[in-house]
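Worksheet: the structure to be examined is printed underneath.
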Amino acid sequence: MAPVRVVIVGTGAMGSLFAGRLARGGRAVVMLAGSWREALWAVAARGLTIEGDGGSFTTPVATALLSDTLGPADLVLVLVKSHATSAIAAPAAQALAPGGLLLTLQNGLGNREVLEAAAGPGGVGVGVATLGATLLGPGRVRAVPGRVTLGAEPRLGARLDAVAALFRDAGIPTDVVADVASLVWRKLAVNCAINPLSALRGVPNGALLEDAEARRLLETAAREVGAVASAGGIVVADDPAFLAVAVATTTAANRSSMLQDLDRGAPTEIDALCGAVVLEGRRLGVPTPVNEALWVAIKRREAHGTPRAGASRGGVARWSG
Ligand code: KPL
């Protein structure tokens, strides 16, 4: 069988994790693309190193700048931060081979729409990842267990099932579910609950469950997201607070992506998370006081913009995706 041609856009923790796992899986030829030159150079020189869940390994992976010619790829996997989606949408779409799939596994609302504007709706799929990944330095990542869930849509045909099989063969537990809107809002509830609280407190996800006040805020933030989803006609199915607690438990050791962003003085995804929920809540007449407070608090910390003391690992002060 011919190898699957995969371009991964995003050289941060998640992009590196997927690139490493898929490259080692042996069924894909992988190219890691981004704008963070230090990471691209490190990977080109030494390969990608993944530690943690599933054992440590280093694997060679091809690299490219976004301004290079990318593809043609059967799968373009988008793993940049949500605020960078507009900047990468055109090169990501251009990298697609005819019939290829552009798949976003990003956090937050709005990414799909931006990618569809560049690639057309027929070529864009959506999934969510509860895998945790901590960037240890350029091209070096620690993985925390979790899974990927992909949203099946009739217009995507069998392409999503093929991607699910590719991920599973690379050791990434993957499911396919039918209700994409529910999938996205369930993950949104988890991220709005875990990410800002862990970032503000400077603790790994699991520590939020050990403190009564943090846990109450986590559960309330998640339920607010569920209330906004319901008002918009989206069925979240489970209690969003239960979902957030479950993910905080399985990713207990992980430092959330927002905590890692604040640690290195980089912009966070708060606008696409709590910010998007607050605006949607206002539109639908649903109060979201905890999400609003978290949005404001993270924006203040971003404006302050100083990397947390001792947060710079591997001698890199500012990392970007
Ligand atoms: O998606 C995540 C993130 O950190 O962005 C979770 C699942 C909360 C893992 O930390």
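The values are calculated or read from the model by the stated rules, or taken from the named source; none is laboratory data. Worth saying up front: this structure is predicted, and the values here are computed from it rather than measured. When we count neighbours, we look across all protein chains shown, and the Cβ atoms used for this are built from the backbone with ideal geometry, even at glycine. To get the accessible areas, we keep the full protein, side chains included, count just its heavy atoms, and leave off ligands, DNA and RNA. Shrake-Rupley method; radii C 1.70, N 1.55, O 1.52, S 1.80 Å.
Overview of results
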{"item": "For peptides 239-248, 12-21, 124-133, sequence by mean Cβ density within 10 Å, most packed first", "result": "12-21, 124-133, 239-248"}
{"item": "Protection-proxy order for peptides 213-220, 153-160, 224-231, 288-295, each taking the mean of Cβ atoms within 10 Å per residue, highest first", "result": "224-231, 288-295, 213-220, 153-160"}
{"item": "Accessible area per residue in Å² at 1.4 Å probe, computed on the stretch 4-113", "result": "37"}
{"item": "For the stretch 131-214, the fraction of alpha-carbon pairs in successive 5 Å shells from zero, as %", "result": "3, 12, 16, 19, 18, 15, 11, 5, 2, 0"}
{"item": "Rough spin-label spacing in nm, given labels placed 7 Å along Cα→Cβ, for residue 45 and residue 58", "result": "1.2"}
{"item": "Share of carbon and sulfur in the accessible heavy-atom surface of the stretch 180-304 [1.4 Å probe, %]", "result": "59"}
{"item": "Computed accessible area, residue 83, all protein chains, 1.4 angstrom probe, square angstrom", "result": "100"}
{"item": "Shape parameters for the chain, alpha-carbon atoms, Rg then Dmax in Å", "result": "18.4, 54"}
{"item": "Assigned charges on the beta-carbon of Lys, Arg, Asp, Glu; the stretch 35-166 dipole about Cα centre (debye)", "result": "200"}
{"item": "Solvent-accessible area per residue, Å², over the stretch 180-304 with all protein chains present [probe radius 1.4 Å]", "result": "39"}
{"item": "Computed magnitude of the charge dipole of the chain (debye, nearest 20; Cβ of K, R +1, Cβ of D, E -1)", "result": "680"}
{"item": "Net charge dipole size for the stretch 94-236 [Lys, Arg +1 and Asp, Glu -1 on Cβ; Debye, nearest 20]", "result": "240"}
{"item": "q = 0.18, 0.21, 0.33 Å⁻¹, the stretch 187-237: log10 I(q)/I(0) [Debye, one scatterer per Cα]", "result": "-0.54, -0.68, -1.23"}
{"item": "Cα centroid separation, the stretch 197-276 to the stretch 93-167 (Å)", "result": "21"}
